[in-house]
């Protein structure tokens, strides 16, 4: 244990390099004047300990002959400390090779240190120090989901096909030019799945695993089983899946007969109907029992409203449905109540009818997540791509598992299809397809009407 509470170990030479910590936490310190240092360097070279993320500090009179036959990769971090006796300055340099079989080492000045004045120079940044690869050729592997994509990688045609590949292609070429490198392109049709009864992968991951390619030209999804095989870096563009569907009419997912009015408006309407019913009933009872009113002659083509709760209710139902009424009160107060009843209910009927017409022409906006897709009777499908199957099958979310089971019900043909087939079904029925949102539908939209183009919706990214 060091004074700074850092775990460290100094081992004796036994022609074996122990490794107790993760690679990124290891720092090897070697005195080049020690006996057997050459053997240790050869052993480290065989174990590929001069590549990232291992770090080495080599002390004293080390020169390029010391590393003869050793491949210090471009990403290596091997620091040689030399003592310039005249100036009492320690010079720290870093060596690396462009190619494994090359006999020439390239050197970077990393730092200069003086015992009294400290660091006189310090620049450890490899990306700056090693920005000229002198035309080194590397193999870059790509994945194209569409066979014709390779013919249109940089002419901006059919940009909706393999957009990640075409974006990565341009960025990779720019990066190659920045560090003065050339590349050999390898195109695969899959990202890579593990081969049966082996530990080997095919596709893009298999190229990196076998050493056919040094880097992958396009991004792909992070999977735990690939972490020991490849080293992931930040993606050049986001990649996720969405459910894409044509928004169904509101009547397809909701009861539009209760939607024209708010809940409190419905309560107010019921209260108004109850008040009118009681008022009309009381007026009818008064007309029937008042002796003076009975003696008066009332000439009218409609019969008198007889007292009774059901008679008043039938009159009110006629007013609600705008069909009129057979009997009505004969007194002035009864006629005023009748007029007010018909006027109020006429406005309510007109507002309700207008709202119903508007709702019949509107689309649903309440499908926001996979749970809504399960609740409503909308057919589900997905693009038949290997990595999409993988993520649905390995998902731990119960909702996504239920969605996948709805796409592929037992005993029935699963809804796995191409994007064109999915859009064709969207044209004929209320159908939802799982797809990458940036794969545009412009080629498949030719068969969609303008109204249906505008109703394309997307929900839930993962």
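The values are calculated or read from the model by the stated rules, or taken from the named source; none is laboratory data. On a predicted model such as this, the values are computed, not experimentally measured, just so you know. In this analysis, Cβ positions are derived from the backbone assuming ideal geometry, glycine residues included, and neighbour counts consider all displayed protein chains.
What about residue 111, is it surrounded by 17 or more Cβ atoms within 10 Å (Cβ to Cβ), outside the structural domain of residue 56 (by TED's automatic domain parsing) and touching a strand residue (DSSP E or B) at 6+ places or on another chain (Cβ under 6 Å)? Answer is no for this residue. Being surrounded by 14 or more Cβ atoms within 10 Å (Cβ to Cβ) and free of Cβ contacts under 8 Å to residues at least 24 places away in the same chain is the requirement here; does residue 341 meet it? No; evaluated as a whole, the condition is false for this residue. Out of curiosity, is residue 212 within 30 Å of residue 354 (Cβ to Cβ), part of a loop (DSSP other than H, G, I, E, B) and in contact (Cβ under 8 Å) with a residue 12 or more places away in the chain? No, not satisfied.
Return the residues of region 363-421 that are out of contact with any strand residue (DSSP E or B) (no Cβ under 9 Å at 6 or more places or on another chain), closer than 13 Å to residue 241 by Cβ and not in a loop (DSSP other than H, G, I, E, B); say none if nothing qualifies. Within region 363-421, 387, 390, 391, 400 meet the criteria. Restricted to region 377-394, and to residues there that are modelled with pLDDT of 80 or more and closer than 13 Å to residue 248 by Cα, the residue that is surrounded by the fewest Cβ atoms within 10 Å (Cβ to Cβ) is 379.
Regarding region 347-355, can at least one residue be identified that is exposed (fewer than 13 other Cβ atoms within 10 Å of the Cβ) and more than 23 Å from residue 252 (Cβ to Cβ)?
Checking region 347-355: at least one residue is exposed (fewer than 13 other Cβ atoms within 10 Å of the Cβ) and more than 23 Å from residue 252 (Cβ to Cβ).
Counting only residues that are in contact with a helix residue (DSSP H, G or I) (Cβ under 8 Å, 6 or more places away or on another chain), more than 22 Å from residue 181 (Cβ to Cβ) and in a loop (DSSP other than H, G, I, E, B), how many does region 146-170 have? Matching residues across region 146-170 total 4. Considering only residues in region 35-58 that are under 40 Å from the mean Cα position of the chain (by Cα) and touching a residue at least 12 places away in the same chain (Cβ under 8 Å), the one that is farthest from residue 24 (Cα to Cα) turns out to be 47.
Here residue 405 passes the criteria (1) surrounded by 17 or more Cβ atoms within 10 Å (Cβ to Cβ); (2) within 30 Å of residue 191 (Cα to Cα); (3) over 17 Å from the mean Cα position of the chain (by Cα) except the one numbered (1). Could you tell me whether residue 267 is in contact with a helix residue (DSSP H, G or I) (Cβ under 7 Å, 6 or more places away or on another chain), farther than 30 Å from residue 170 by Cα and modelled with pLDDT of 80 or more? Answer is no for this residue.
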